[in-house]
Amino acid sequence: MKIDTAELLTSCARSSDFPAPGAPEVAFLGRSNVGKSTLLNRLVRRKKLARTSSTPGKTRLIHFFTVTGGSRELRMVDLPGYGWAKVSRREREGWQRLVESYLEERPPLCVTILLQDVRRDVSEDETLLLEWLAERGLFAVVAITKTDKLKPMRRAKRIRELREQLDLPGDRVIATSSATGDGIDALWRAILGAAYGN
């Protein structure tokens, strides 16, 4: 997708602050420090639209971004990560409630992008999250991230292993690299297919 504009719409600490429904929404989910903000930036071709950090748990709010290209408009939604982060358990539980309220209450949400680090095995966290999304009728695509971190032979083997662990249709598991751009066009096709049917 050709990007004309990409800008922060709002950041929310409570569901009551969510913006009024509008354009189709794409939600980015995953473990803390899996690369959600970095992938979002690569998709919209902006280096610093979504704030990134090497510290797990940097994204503590739900950030809504408006992205336009041609006659199309999308909202990309950067959600707080799950798993280990340098914050209290109580704060992490608060994030979980906020994320669940978003996922369960947003009519414009058309696709969820679950990020999976190529160097990690699929855990129960990802398996249960995919089941939770499916139970609610939410379409999920898995983006395998950081594929540039492995040498080609090892990378191909890991991607095959993760596809087997995920047990999803092939077009719903996309190997990506924010550093090299690999898989970005395929991920855009999945997003636009979910949002606009093409």
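The values are calculated or read from the model by the stated rules, or taken from the named source; none is laboratory data. Computed from a predicted model, the values in this text were never measured in an experiment. Counting neighbours? That spans all protein chains shown, and the Cβs are built from the backbone with ideal geometry, glycine included.
For residues in region 110-148 being small (Gly, Ala, Ser) and part of a loop (DSSP other than H, G, I, E, B), which is surrounded by the fewest Cβ atoms within 10 Å (Cβ to Cβ)? My answer is 137.
Residues that are closer than 30 Å to residue 150 by Cβ, at pLDDT 95 or above, in contact with a strand residue (DSSP E or B) (Cβ under 6 Å, 6 or more places away or on another chain) and surrounded by 19 or more Cβ atoms within 10 Å (Cβ to Cβ) occur at least once in region 61-68. Entry remark, region 154-198: residues being over 17 Å from the mean Cα position of the chain (by Cα) and exposed (fewer than 14 other Cβ atoms within 10 Å of the Cβ) number 13 in total. Within region 9-22, the residues that satisfy the criterion of being among the aliphatic types (A, V, I, L, M) and modelled with pLDDT of 95 or more are 9, 20. Is it true that some residue in region 42-53 is buried (at least 16 other Cβ atoms within 10 Å of the Cβ) and closer than 21 Å to residue 133 by Cα? Scanning region 42-53 turns up no residue that is buried (at least 16 other Cβ atoms within 10 Å of the Cβ) and closer than 21 Å to residue 133 by Cα.
Taken over region 149-185, residues that are part of a helix (DSSP H, G or I), small (Gly, Ala, Ser) and within 24 Å of residue 197 (Cβ to Cβ) amount to 1. Summed over region 17-53, residues that are hydrophobic (A, V, I, L, M, F, W, C) and assigned to a loop (DSSP other than H, G, I, E, B) total 6.
Going residue by residue through region 171-189, is there one that turns out to be modelled with pLDDT of 95 or more, among the aromatic types (Phe, Trp, Tyr) and touching a strand residue (DSSP E or B) at 6+ places or on another chain (Cβ under 6 Å)? No, the conditions are met nowhere in region 171-189.
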